[in-house]
Amino acid sequence: MSQFLQPTILLLREGTDTSQGRAQIVSNINAVQAVADVVKSTLGPRGMDKMIQTGPKVTISNDGATILNLLEVVHPAARVLVDIAKSQDDEVGDGTTSTTLLAAELLKEAKPFIEEGIHPQIVIQGYRKALELALEKLEGFSINISRDSPQEKRDTLLKCAQTALNSKLLANTKQFFSELVVSAVEKLDPNILDRDLIGIKNVTGGSVNDSFLVDGVAFKKTFSYAGFEQQPKRFENPKICLLNLELELKSEKENAEIRIEKPEEYQQIVDAEWALIYEKLDIIVKAGAQIVLSKLPIGDLATQYFADRNIFCAGRVPQEDLLRVQKATGGQVQTTVNGLNPETFGTCGLFEEVQVGAERYNLFKNCPQSRTATIVLRGGAEQFIQEAERSLNDAIMIVRRCFKANKIVAGGGAIELELSRYLRHYARSVTGKTQYIVNSFAKALEVIPRTIAENAGLNSIEIMNKLRQRHAQGGEEGRWYGVDINGASGVCDTHSSFVWEPSLVKRNALCSATEAACAILSIDETVKNPKSDQDTKMKPRGQPGRPPMGMRR
Amino acid sequence: MSLAFDDYGRPYIILRDQGQKKRMKGLEAYKSNILAAKAVANTLQSSLGPKGMDKMLVSPDGDVSVTNDGATIVEKMEIQHPTAKLLVELSQSQDAEIGDGTTGVVVLAGKLLEQALTLLDKGIHPLKISDGFDRACDVAIKHLESIAEEIDIQANDHEALIQAACTALGSKVVSKRKRELGKIAVTAVLDVADLKRKDVNLDLIKIQTKTGGSVEDTRLISGILIDKDMSHPQMQKEVKDAKICLLTCPFEPPKPKTKHNINISSAEDYKKLYQQEQQYFVEMVKLVKDSGANIALCQWGFDDEANHLLLQNDLPAVRWVSGTDVELIAMATGARIIPRFQEITPEKLGKAGCIKEVQFGTSNERMLVIENCQCTKAVTILIRGGSQMIVDEAKRSIHDAICVIRNLIKDNRIVYGGGSAELACALQVLQYADEVSSVEQYAVRSFADALEGIPCCLADNCGLNPITSVAQAKSRQLTEKNPRIGIDCMELGTSDMKEQKIYETLSSKKQQIQLATQVVKMILKIDDVIAPDDY
């Protein structure tokens, strides 16, 4: 029999996994669906959390990007989804779940077309066209917020922060935290808005309402040596000396060689070493510093020396904290004490060491040129605080975005529905296959309000019908109708109920979701190389039903 | 998780090690989480209250500890389940923030979850439940603040503080001696407290344990106890009016920090070197002696030579004093820590009324007691007891008591214990429930039921009939309009907790309710659990 078969041609290394053609696209779409399903229930103000255990570490999160990251997705097409969530996170910081959902929904809508034999490129073209139109409209729909007075501006920011916090664990205290976040961002230099300059410190214990904002810097008490407790712990308008210098009695050079002839000279060497460290300390004291912070260790000798002279010192201050102190106090970090100039010292209104929960914290408050802020987060459990930190991070990013771009759209699915309505309308004016595809794009957009309604335990079909009707009757009044999770009717004008999002977030979400969908649609073959030999021997990868490479099909 | 198949029947793998992961979704996830957390709460339930029982915990190394302290129990149970771990952290954060009420907070969380489970069975959305809990929590906290009473901590020789400490100690193994221990704790805290700033640095209270004797022998040393003895057995055992020289350099010839070798080429050089070394010792001792010090405490060791010289010069000395002890001694005696012999000056010496070596029982162990320090800012509580387990438990109990007193100094508002505060809150929440028009009403009502669970538990642990005693207390609270009626656990004949003098701090109760609600909300928000499959 065998002579009738063509000889097998081995093209690729054994074990290489290839699949191609339409089946490949469909298979990829399915994989993407599966991943999107995991994050689906986290969307919206009634979104739930996921608990993911990786090794001994447990994470509880509502943040799309965090969840996807922890899932350890290995499927190559599904990874694209993880990447867009991440890029959305980096770019705007919020809206990661909706981006993922939108991309998955676009693919789901594309699946029947692929199965019916429409060429993927036509679908892609249609989607791109629809995206273009949607973005144009988004621009047109977004509302410019008048922010002539600082009060109005602050109000806008508060509302955006609250919308971002809506779906998180902190939802019940969003008033409080939005104030916190906005105040923190306002502290920053409005031209740069460097996120790194807002520190978030977690202290377990207490209630979330005990969290507070320090208009300056706060960091945990560093490791201290004997004598630390004898130092004063409170200063008003202190002079702060920032160093990147080790203040310890130690050998100056590792491999130095000194020859001495007489035993008497021995004492001189010892004295010389002491003189070196004392000289350094003396310079600092003479310059009038009252607080000495160093990135490198400050040894016991220095600690006691400072304690004797009523100076506070802290060694091993983490890099980012020192940077923030520098920004807040206006000081400069010195790498040597030679020629120490009092002008390089920073200052602040009040320095204090206080007890926060079980930890002692150093607080630098009322900084004159404060361009930095620190939020001290409290909460019952480690995971709680970590999730709170992620949520605040989202809110901070949103507020940062809002700070510059003053265009907003209404959330709660309102903008998606309005865009969907517009695209449906437009589709009727197109001939050819594109009509179907633009229509599908419009349908895919509806996934956002639908999921929000579903997650809130509402009847999504009923809600969607109401919303579509409102938008169709629309004009100006119907435009901002979105899902209302609290009221009885299930729909409301989300613009007037202040569910606001920066239009930039939506713009970015639409772009990256469409890009991702198009990328996945255009893949028609995957070649996956087997893992290195050792790995395959250790764990034989059984993939039943897969014909070996090169067999006749 | 099982494999997924595409439309052509081919399996595909999405997650790494997909086959080895377990996923629970929706109702299954809620229920499994709640059951796990409840299991932890049930373990602690029997430890609540003055007649609560202890748990014996055996560590993997075979160390046995017996304790009644909630935070310690859950910590030593080594819980694996991720949701149950949340309760462990809950208890620990109560410990870190307040120091007391660690059992109560877990039991309350357990009761809340129990209620949530029945609500879930009714088909109420978990977030509606948590919204309801949240609103109920606010009401409870407000009510708690309104029934709280301010006490005068100074009055009647700090009687109120002692009573509060007694309440904290009441449930522990040392409850027989609660009055004495309570007094010790109060004195200790007041000694180190900064009443103006309302701040207490607990680092300044050192708790030292020593097996042997009985709990009655526990005493407060207004000074410091260090687990060291004189460096030479023939030195004086007691120094009156001590002038302390606190050194962080060894009684040795100084060494440069740079690596060094000594090459000796002739016998004369050797002798010279030896003489110089001798000279160093003589000088060192002289420097210390000249400054007027009559005792030297050193962070490092001595050469035998130095030790001998110190003895000859009649200068008692202690070696290898740990860094933290050095700091404490410095704070207490007003001494300055001296890094080298050349810098010894009379001003840098610390002063203490008496330093003496004490011996315990027949054992050979000795400790140094530094008493009547110049600026007493540090105190030590020396705990004695029959066995290591008792001593350890006593230490934990005293720590709880100290924390309670600290909280009272910070905020002198109290509520009454014995479940009365919870009952009062439950009644208030129940009243509020009827005003809620939406689904949350059920959750609010359940919150009240959960609050009642605490007095129920208390009564149960005391051997009373929980239902009748809670019902009685509840009706009396309503009819007499007296929020202080609780469960008469000690059977003293009165249910008014003010008469029984069962004080609890407002901050602790508030924190308990808030923390428990927070964690329950968090657990209710999880609808999906992805974890490695162990089975």
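Points worth noting:
- Count of segment A:212-258 residues which are crowded, with 18+ Cβ neighbours inside 10 Å, hydroxyl-bearing (Ser, Thr, Tyr) and modelled with pLDDT under 80: 0
- Candidates in segment B:212-230 are the residues that are crowded, with 21+ Cβ neighbours inside 10 Å and not hydrophobic (A, V, I, L, M, F, W, C); of these, the one that is modelled with the highest pLDDT is B:218.
- Residues in segment B:518-535 that are within 9 Å of chain A (Cβ to nearest Cβ) and closer than 30 Å to residue B:410 by Cβ: B:518, B:519, B:521, B:522.
- Residue A:205 vs. criteria touching a strand residue (DSSP E or B) at 6+ places or on another chain (Cβ under 8 Å) and either within 10 Å of another protein chain (Cβ to nearest Cβ) or exposed (fewer than 13 other Cβ atoms within 10 Å of the Cβ) (or both): yes
- Flag if residue B:99 is assigned to a helix (DSSP H, G or I) and either more than 8 Å from chain A (Cβ to nearest Cβ) or in contact (Cβ under 8 Å) with a residue 12 or more places away in the chain (or both): no
- Condition check for residue B:84: over 30 Å from residue A:359 (Cβ atoms) and surrounded by fewer than 24 Cβ atoms within 10 Å (Cβ to Cβ): no
- Among the candidates B:106, B:58, B:74, residue that is surrounded by 20 or more Cβ atoms within 10 Å (Cβ to Cβ), at pLDDT 85 or above, more than 8 Å from chain A (Cβ to nearest Cβ) and more than 25 Å from residue B:464 (Cα to Cα): B:74
- When residue B:435 is tested against (1) farther than 25 Å from residue B:51 by Cα; (2) in a strand (DSSP E or B); (3) not hydroxyl-bearing (Ser, Thr, Tyr), exactly one condition is not met: (2).
- Count - residues of segment A:161-202 that are hydroxyl-bearing (Ser, Thr, Tyr), within 14 Å of another protein chain (Cβ to nearest Cβ) and buried (at least 22 other Cβ atoms within 10 Å of the Cβ): 1
- For residue B:452, the conditions (1) assigned to a helix (DSSP H, G or I); (2) of a type outside the set (A, V, I, L, M); (3) in contact (Cβ under 8 Å) with a residue 40 or more places away in the chain are fulfilled apart from (3).
- Of all residues in segment A:429-453, those satisfying the criterion of being surrounded by fewer than 20 Cβ atoms within 10 Å (Cβ to Cβ) and at negative phi are A:429, A:430, A:431, A:433, A:434, A:435, A:436, A:443.
- Some residue of segment B:320-328 being crowded, with 19+ Cβ neighbours inside 10 Å and free of Cβ contacts under 8 Å to residues at least 40 places away in the same chain: yes
- Condition check for residue B:246: part of a strand (DSSP E or B), within 14 Å of another protein chain (Cβ to nearest Cβ) and under 30 Å from residue B:382 (Cα atoms): yes
- Test: residue in segment B:261-272 that is surrounded by fewer than 18 Cβ atoms within 10 Å (Cβ to Cβ), more than 10 Å from chain A (Cβ to nearest Cβ), assigned to a helix (DSSP H, G or I) and modelled with pLDDT under 80: no
- Scanning segment B:233-243 for residues that are surrounded by fewer than 19 Cβ atoms within 10 Å (Cβ to Cβ) and in a loop (DSSP other than H, G, I, E, B) yields B:233, B:234, B:236, B:237.
- In segment A:305-396, counting only strands (runs of 3 or more DSSP E) that sit wholly within it, the ones holding 1 or more residues that are of a type in the set (Val, Ile, Thr) span A:350-356, A:373-379.
- Matching residues in segment B:323-345 - criterion: being within 9 Å of chain A (Cβ to nearest Cβ) and outside any helix (DSSP H, G or I): B:336, B:337, B:338, B:339, B:340
- Subset of segment A:36-66 [within 25 Å of residue A:457 (Cα to Cα), within 9 Å of chain B (Cβ to nearest Cβ) and over 20 Å from the mean Cα position of the chain (by Cα)]: A:46
- Within segment A:67-82, the residues that satisfy the criterion of being outside any loop (DSSP other than H, G, I, E, B) and either crowded, with 24+ Cβ neighbours inside 10 Å or within 7 Å of chain B (Cβ to nearest Cβ) (or both) are A:67, A:68, A:71, A:73, A:77, A:78, A:81.
- Matching residues, segment A:208-228, being more than 22 Å from residue A:348 (Cα to Cα) and within 11 Å of chain B (Cβ to nearest Cβ): A:208, A:209, A:210, A:224, A:225, A:226, A:227
- Looking only at residues of segment A:403-426 that are under 24 Å from the mean Cα position of the chain (by Cα) and assigned to a helix (DSSP H, G or I), we find that the one that is farthest from residue A:154 (Cα to Cα) is A:416.
- All of B:405, B:390, B:398 fail the test of being outside the structural domain of residue B:520 (by the TED database), over 20 Å from residue B:507 (Cα atoms) and not in a loop (DSSP other than H, G, I, E, B), apart from B:390.
Residue by residue, here is whether (1) modelled with pLDDT under 90; (2) on the phi > 0 side of the Ramachandran plot; (3) touching a helix residue (DSSP H, G or I) at 6+ places or on another chain (Cβ under 8 Å) holds:
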residue: B:83; (1), (2), (3): yes, no, yes
residue: B:115; (1), (2), (3): no, no, yes
residue: B:133; (1), (2), (3): no, no, yes
residue: B:150; (1), (2), (3): yes, no, no
residue: B:156; (1), (2), (3): yes, yes, no
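- Residue in segment A:442-449 that is assigned by the TED database to the domain that holds residue A:495, in a loop (DSSP other than H, G, I, E, B) and of a type in the set (Lys, Arg) present: no
- Some residue of segment A:358-377 being modelled with pLDDT under 85 and closer than 30 Å to residue B:37 by Cβ: yes
- Residue B:427 over 30 Å from residue B:353 (Cβ atoms) and assigned to a helix (DSSP H, G or I): yes
- Any hit, segment A:83-101, residues being surrounded by fewer than 24 Cβ atoms within 10 Å (Cβ to Cβ), in a helix (DSSP H, G or I) and within 12 Å of chain B (Cβ to nearest Cβ): no
- Yes/no for residue B:7 being out of contact with any strand residue (DSSP E or B) (no Cβ under 7 Å at 6 or more places or on another chain), farther than 30 Å from residue A:378 by Cβ, of a type outside the set (S, T, N, Q) and at pLDDT below 80: yes
The values are calculated or read from the model by the stated rules, or taken from the named source; none is laboratory data. Please read these numbers as outputs of a predicted model, since none were measured by experiment. Positions of Cβ are backbone-derived with ideal geometry, glycine not excepted, and every protein chain shown enters the neighbour counts.
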